[in-house]
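In what follows, a structure is listed as structure tokens, so that the remarks can point back to it.
The values are calculated or read from the model by the stated rules, or taken from the named source; none is laboratory data. Note that the coordinates shown come from a computational prediction; the quantities given were computed from them, not determined experimentally. Cβ placement follows ideal geometry from the backbone for every residue including glycine, while neighbour counts extend to all protein chains displayed.
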Amino acid sequence: MTIEIKTSTLEPVRNTFAHIERRFGDKPATRYQEATYDVQSEEYLHYRPLWQPEKLLNDASRTAIKMNDWYAFKDPRQFYYGTYVQQRAKMQEVAENNYAFFERRNLANLLTEEMKAKLIRYLVPLRHAEHGANLNNMYASAYGYGTAITQACLYNGMDRLGIAQYLSRIGLILDGNSGDSLAEAKLNWTNESIWQGLRAYVEKMTVTEDWFEVLVAQDVVLDALILDLFYTQFDEWLQANGAQDVGMLTEFVQVWAKDTNRWVDATLKIAAAESDENKALLEQWISSWKESAVKALTPLAEEMLGAEAMTQASAALDKRLAKAGLFK
Amino acid sequence: MAKKLNIKDKYRLLTRDLDWDFSYEDRKEAFPFEEFEGIKITDWSKWEDPFRLTMDSYWKYQAEKEKKLYAIFDAFSQNNGHLNVSDPRYVNAIKIFLTGVSPLEYQAYQGFAHVGRQFGGVGARVACQMQSLDELRHVQTQIHAMSHYNKFFDGFQDYSHMHDRVWYLSVPKSFFNDARAAGPFEFMIAIGFSFEYVLTNLLFVPFMSGAAHNGDMATVTFGFSAQSDEARHMTLGLEVIKFLLEQHEDNVPIVQKWIDKWFWRGSRLLTIVAMMMDYMLPNKVMSWKEAWEVYFEEAGGALFKDLARYGIKMPKYAETIEKEKEHISHQAWWTFYTHGHAAGFHTWIPTDEELDWLSEKYPETFDKYYRPRWELAKKMEAEGKRFYTKALPQLCTTCQIPMLFTEMDDPTQICYRDTVYNGDRYHFCSDGCKDIFEDEPEKYVQSWLPVHQIFQGNCGGPDVENVLADFYRMNLGADNMDMTDSPDEKRWKQWKGVA
Amino acid sequence: MSKVYIALQDNDESRYIVEAIEEDNPEATVIHMPAMIRIEMEGRLTVNRETVEEKMGRDWDVQELHLNLITLGGNVDEDDDSLSLHWNE
């Protein structure tokens with residue numbers, strides 16, 4: 001027997017907002033949908049920006065990528081602010097416990113001076129590259145079009161600030177909070193020849209105008225190479241050389257990368273699938289940025305890991321590009 | 001044992017130290033918008049961080065806030081919380097909120113993302129980025145809070161489409177467009193300082209307290225939760241102005257001009273909040289005038305005394321603004337009442353108790369100027385002649401509000417100002433709006449004035465009804481007109497089992 | 001002299017914070033409003049971590065204040081041990 005409770009007087013008049021209904025039909029919507037679709041204003045903007053009078057305030061032509069519907073860029077994680085911060089809060093709690101454990105048990109004492117020097121030379125300077133990633137994702141968020149992609153860029157931009165801060169804390173653990181290792185790492189970043197290729201690449205991104213191109217140069221090309229070199233290969237090297245505990249301090253980035261790559265790959269795939277023109281443009285951007293990235297990172301990769309490292313990282317990037325339907 | 005770092009040193013090392021001097025590109029090309037406004041920044045390193053929140057703490061605290069907030073949203077909708085509001089008329093206030101205010105939070109996200117990318121100083125940049133993220137939070141939590149009301153009341157459903165088009169919504173929209181179209185430093189004085197530090201308090205504190213007093217758990221929860229971020233934003237706003245004033249004395253007159261402009265723009269914008277507080281909250285917390293005295297005159301007065309050491313003076317027109325607190329809510333609600341067929345929410349005549357409350361709160365003006373109008377409207381309605389004006393209102397070119405404000409020294413006389421630019425005559429509601437136009441006419445001639453656009457045939461037609469139904473996508477007779485006999489009211493009575 | 005002010009959400013945690021503020025700032029005026037508590041004072045108003053910890057009986061980070069904060073007025077000084085508000089006059 002089924003019991004039907006009479007609730008007709010409290011029936012909703014509608015299931016969701018009209019613009020959500022126009023997109024997805026007359027049914028209850030998810031919080032991601034209501035927080036994302038058609039939230040950005042599109043028409044009848046009042047004044048042209050004094051800082052860029054040739055464009056409108058919200059203007060889809062700030063990139064050469066063309067989309068029939070900018071809301072095609074659905075985030076596979078379906079992050080809106082609330083789900084984003086709650087997900088990151090869980091990750092930071094684990095990270096916080098890891099850092100606390102590392103410090104409480106003085107695990108830094110188990111690292112040889114030589115190993116500490118290697119971390120300061122190879123890992124800690126990356127915090128500056130992460131700061132560049134913060135700028136570049138903010139750029140895409142500020143000048144991009146449609147909430148679906150711009151909110152994800154914002155979350156990524158803030159993630160990168162968080163990662164830069166975690167990397168800085170590794171430095172502080174190594175130098176007992178004196179800040180000396182951060183100063184040394186910064187000197188490496190600004191002066192050591194092995195870092196100059198990467199630094200020039202990062203600086204170049206910050207003066208690149210097309211926001212989608214910036215996204216490709218940063219989130220697609222550079223991040224894939226850095227992830228493989230530093231968080232896969234160098235991590236393996238650390239494990240093999242008695243510094244496996246450092247993995248507790250970089251675990252955040254590994255978990256983060258898994259989550260973020262899902263979004264990066266989906267974004268690339270959607271843009272490429274939209275049209276042959278987009279696909280050709282993406283391939284052109286990727287080829288040229290990849291060429292400079294490989295050149296920029298090679299001296300660093302060789303010194304840090306050996307001759308084969310760069311080829312391996314490149315292959316990891318190519319695999320992801322193929323999955324996104326590019327260069328086929 | 002490692003020494004303990006204090007919060008300031010830690011923040012410096014973890015955040016301020018991340019940037020570096022460029023060698024391979026021109027830094028000015030990476031941060032190109034810092035100079036054109038004439039502001040002189042001699043040393044970004046002098047920036048004092050207004051709050052020192054690293055991302056890990058940010059995620060932790062914000063997640064805690066969100067967890068609480070969404071638990072309440074879930075409980076609210078599972079328990080049909082909309083049935084607990086004091087009076088269905090109240091819901092119309094939050095229709096204005098969703099259509100008029102929430103999209104501004106979105107523009108704040110965009111504006112702070114822009115300056116959060118463009119400022120050359122890493123401290124200021126990161127503070128703006130965090131605010132950008134907070135603002136995105138605010139628009140999304142507001143949409144989620146209203147989502148439940150949208151299921152049971154008319155007028156919420158096309159808020160985004162309406163915000164881009166509807167005549168009175170171009171007021172808030174153009175306000176934020178104006179700030180975003182300005183240079184990065186003016187944006188910070190406009191939004192970070194004037195709006196966040198002084199003016200949003202009036203919306204988020206007394207109005208939210210009013211929401212609580214009217215049984216609206218969803219709104220009060222998002223309101224106060226948003227305000228908990230706002231305290232950080234206010235600190236940023238104050239730091240920005242102090243930083244600019246300390247960097248170079250040449251910045252002082254530029255900043256003063258922006259203060260004059262944005263306090264006037266802001267007080268015009270808040271007219272709608274004044275009306276929401278005095279007329280749309282069935283259970284009253286405080287009058288607009290009282291709120292204005294606490295949050296603008298007292299708090300703002302203290303602020304300007306503090307800034308006097310830099311040579312900053314009270315905003316121009318402060319005297320006019322002081323007089324306006326007695327009038328603007330009444331003038332605005334009357335305008336909406338008489339244009340109730342073209343609004344996206346319901347209007348009504350205040351009840352006798354409400355009229356008495358207004359008489360008590362506005363002893364100098366209400367009985368003398370405004371009560372007689374409502375007595376007349378009551379009489380006409382009783383005779384079955386509910387009044388709707390047929391004419392479309394003339395709009396002020398700057399603030400885009402219909403010409404509804406009077407001369408403050410003669411509240412029976414509508415205030416009109418005009419000026420000629422490039423052979424065309426432009427109209428304004430006040431000296432403030434006229435001065436703002438004359439300072440940057442090439443900007444304000446771009447205003448997309450909804451009434452002009454209708455007359456130019458850019459919004460469909462031929463009749464106003466076609467514009468409302470087709471271009472604005474309003475459901476005529478359901479989303480608008482009088483509260484009495486509206487579908488909202490009928491449903492409410494059905495839910496409550498009253499005839 | 002101008003007043004600084006702070007407003008907190010009316011909830012259990014805030015009650016301890018308000019108690020701590022009242023103890024450390026005897027001149028402060030506490031005003032209860034719907035859903036919020038407003039505290040105002042001439043001069044400098046300080047929230048001390050130690051006093052709040054004593055009232056709550058647990059560790060308390062000054063930044064936790066932001067969870068319950070609605071608004072404030074005055075220049076903010078924040079460090080590990082306290083948050084204080086003042087106007088320069």
Determine whether B:ASN80 is within 30 Å of B:LYS496 (Cα to Cα) and more than 10 Å from every other protein chain (Cβ to nearest Cβ). no
Among helices (runs of 4 or more DSSP H) entirely inside region B:176-245, those with 1 or more residues being aliphatic (A, V, I, L, M) and within 20 Å of B:LYS305 (Cβ to Cβ) are B:200-204
Any residue at all in region B:376-384 that is buried (at least 19 other Cβ atoms within 10 Å of the Cβ) and assigned to a helix (DSSP H, G or I)? yes
Going through (1) under 30 Å from B:GLU360 (Cβ atoms); (2) assigned to a helix (DSSP H, G or I) one by one, B:LEU281 fails only at (2)
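Looking at region B:206-218, is at least one residue within 22 Å of A:TYR84 (Cα to Cα) and either more than 7 Å from chain A (Cβ to nearest Cβ) or surrounded by fewer than 24 Cβ atoms within 10 Å (Cβ to Cβ) (or both)?
Taking every residue of region B:206-218 in turn, at least one turns out to be within 22 Å of A:TYR84 (Cα to Cα) and either more than 7 Å from chain A (Cβ to nearest Cβ) or surrounded by fewer than 24 Cβ atoms within 10 Å (Cβ to Cβ) (or both).
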Output yes when any residue across region C:24-39 is closer than 23 Å to B:ALA63 by Cα, more than 9 Å from every other protein chain (Cβ to nearest Cβ), surrounded by 15 or more Cβ atoms within 10 Å (Cβ to Cβ) and charged (D, E, K, R), and no when none is. no
Residues that are assigned to a loop (DSSP other than H, G, I, E, B) and hydrophobic (A, V, I, L, M, F, W, C), drawn from region C:1-42: C:MET1, C:ALA28, C:ALA35
Taking interchain pairs and intrachain pairs at least six residues apart, which have beta carbon atoms under 6 angstrom, with the first residue in region A:170-195 and more than 8 Å from chain B (Cβ to nearest Cβ) and the second of a type in the set (Asp, Glu)? A:SER181/A:ASP175; A:ILE194/A:GLU303
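For every residue, the table says whether it meets (1) buried (at least 19 other Cβ atoms within 10 Å of the Cβ); (2) within 8 Å of chain A (Cβ to nearest Cβ); (3) of a type in the set (Gly, Ala, Ser).
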| residue | (1), (2), (3) |
| --- | --- |
| B:PHE33 | yes, yes, no |
| B:ASP43 | no, no, no |
| B:TYR61 | yes, no, no |
| B:LYS68 | no, no, no |
| B:ALA75 | no, no, yes |
State whether the residues of region B:145-155 include one that is over 24 Å from B:ALA212 (Cβ atoms) and at the interface with chain A (Cβ under 8 Å from one of its Cβ atoms). yes
Matching residues, region C:62-89, being within 9 Å of chain B (Cβ to nearest Cβ) and either more than 13 Å from the chain's Cα centre (by Cα) or assigned to a loop (DSSP other than H, G, I, E, B) (or both): C:ASN68, C:GLY74, C:ASN75, C:ASP79, C:ASP80, C:TRP87, C:ASN88, C:GLU89
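Can you tell me which residue among C:ASP59, C:ASP10 is charged (D, E, K, R) and more than 13 Å from the chain's Cα centre (by Cα)?
Only one candidate passes the filter, namely C:ASP59.
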Taking region B:48-60 and keeping only residues that are at pLDDT 95 or above and either assigned to a loop (DSSP other than H, G, I, E, B) or farther than 24 Å from A:ASP159 by Cα (or both), one is left with B:THR54
State whether the residues of region B:5-16 include one that is more than 9 Å from chain A (Cβ to nearest Cβ), surrounded by fewer than 17 Cβ atoms within 10 Å (Cβ to Cβ) and over 27 Å from the mean Cα position of the chain (by Cα). yes
Helices (runs of 4 or more DSSP H) completely within region B:287-357 that count 2 or more residues being within 14 Å of chain C (Cβ to nearest Cβ): B:288-292, B:299-307
Sort through A:GLU251, A:GLU236 and tell me the only one that's surrounded by fewer than 21 Cβ atoms within 10 Å (Cβ to Cβ) and closer than 26 Å to A:GLY197 by Cα. A:GLU236
Within region C:43-61, restricting attention to residues that are part of a strand (DSSP E or B) and not polar (S, T, N, Q), which residue is nearest to B:ILE7 (Cα to Cα)? C:VAL47
Counted residues, region B:17-31 - those being facing another protein chain (nearest Cβ under 8 Å) and without any contact (Cβ under 8 Å) to a residue 40 or more places away in the chain: 10
Region B:111-138 - residue that is among the small types (Gly, Ala, Ser) and within 10 Å of another protein chain (Cβ to nearest Cβ) and, of those, farthest from B:GLU34 (Cα to Cα): B:SER132
Which of the residues spanning region B:482-499 are crowded, with 19+ Cβ neighbours inside 10 Å and either out of contact with any Lys or Arg (no Cβ under 6 Å at 6 or more places or on another chain) or part of a strand (DSSP E or B) (or both)? B:SER486, B:ASP488, B:TRP492
Restricting to region B:78-100, count the residues that are surrounded by 18 or more Cβ atoms within 10 Å (Cβ to Cβ) and in a helix (DSSP H, G or I). 15
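A quick yes/no check of all residues on (1) within 21 Å of B:LYS316 (Cβ to Cβ); (2) among the acidic types (Asp, Glu); (3) modelled with pLDDT under 95:
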residue	(1), (2), (3)
B:THR398	yes, no, no
B:GLU407	yes, yes, yes
B:THR412	no, no, yes
B:GLY423	no, no, no
B:PHE428	yes, no, no
B:CYS433	yes, no, no
Yes/no for A:TYR44 being of a type in the set (Ser, Thr, Tyr) and facing chain B (nearest Cβ under 7 Å): yes
Just to be sure I understand, how many residues within region A:113-159 are in a helix (DSSP H, G or I) and over 25 Å from B:GLN107 (Cβ atoms)? 19
Being within 24 Å of the chain's Cα centre (by Cα), more than 21 Å from B:GLY266 (Cβ to Cβ), buried (at least 21 other Cβ atoms within 10 Å of the Cβ) and free of Cβ contacts under 8 Å to residues at least 60 places away in the same chain, is that true of even one residue in region B:326-337? yes
So how many residues does region B:385-402 have that are part of a loop (DSSP other than H, G, I, E, B) and in contact with a Ser or Thr (Cβ under 7 Å, 6 or more places away or on another chain)? 6
Residue ranges of helices (runs of 4 or more DSSP H) in region B:421-475 with at least 2 members surrounded by fewer than 18 Cβ atoms within 10 Å (Cβ to Cβ) and in contact with a helix residue (DSSP H, G or I) (Cβ under 8 Å, 6 or more places away or on another chain): B:431-439
Where a residue in region A:81-103 is facing another protein chain (nearest Cβ under 9 Å) and its partner, wherever it lies, is surrounded by fewer than 17 Cβ atoms within 10 Å (Cβ to Cβ) and assigned to a helix (DSSP H, G or I), with Cβ under 7 Å and at least six apart: A:GLN86/B:LYS67; A:MET91/A:VAL255
Residue among A:LYS279, A:LYS295, A:LYS328 that is modelled with pLDDT under 95 and farther than 12 Å from A:VAL221 by Cα: A:LYS328
Suppose the filter is part of a helix (DSSP H, G or I) and at the interface with another protein chain (Cβ under 10 Å from one of its Cβ atoms); does A:GLY162 pass it? yes
